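Okay, so here's the structure we're looking at.
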Amino acid sequence: MQYREFIKKVQANSGFSDSECEQATQVFMETLSSRLTSQELKDLCSQLPQEMVDMCEPAAGEMVKMSGEEFLERIAQRQNIDSARAKKQMHAVWLTLKEAVSEGEIRDIQSQLPEDLREMLH
């Protein structure tokens, strides 16, 4: 999936503007990247368009452990939005990511997320 197609699908899944969907995608991918091991991040990036690979900076050292609520709070705080809007953004980007990469990769990512975050994303 190309980058513009990804953003258009996020927009279709959320109803938000193009620019908000781009920002939501960037913040989600940066936050998700900090939650994955370096190998898993490498595997994920191998299936993404270059524009999104650039959003996925590996965390310095080990992955950052955070609950689903902390993940959501980071997304909300980084964009200065309320948690309901952040949750809708998060869900829209996740749904699109599930279309963009293989099912096996999604399962691998989910295996590294805490249960409450996995539940939030479904």
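The values are calculated or read from the model by the stated rules, or taken from the named source; none is laboratory data. Quick caveat, the model's predicted, so the values are computed rather than measured. Positions of Cβ are generated from backbone atoms using ideal geometry, with glycine treated the same way; all protein chains shown enter the neighbour counts.
Annotations
- Across segment 48-102, the number of residues qualifying as modelled with pLDDT of 90 or more, in a loop (DSSP other than H, G, I, E, B) and in contact with a helix residue (DSSP H, G or I) (Cβ under 6 Å, 6 or more places away or on another chain) comes to 2.
- Annotation: of all residues in segment 74-96 being without any contact (Cβ under 8 Å) to a residue 40 or more places away in the chain and under 13 Å from Ser14 (Cβ atoms), the one that is surrounded by the fewest Cβ atoms within 10 Å (Cβ to Cβ) is Ala84.
- Among the residues of segment 15-47, those identified as small (Gly, Ala, Ser), closer than 21 Å to Met120 by Cα and at pLDDT 95 or above are Gly15, Ala24.
- Criterion: assigned to a helix (DSSP H, G or I), under 10 Å from the mean Cα position of the chain (by Cα) and not β-branched (Val, Ile, Thr) - qualifying residue of Leu32, Leu44: Leu32
- In segment 102-112, the residues that are among the hydrophobic types (A, V, I, L, M, F, W, C) and surrounded by fewer than 19 Cβ atoms within 10 Å (Cβ to Cβ): Ile106
- Residue pairs meeting the criteria (Cβ under 6 Å; at least 6 apart or on separate chains; first over 19 Å from Glu69 (Cα atoms), in segment 17-36; second of a type in the set (A, V, I, L, M) and outside any loop (DSSP other than H, G, I, E, B)): Cys21/Ile7; Cys21/Val10; Glu22/Ile7
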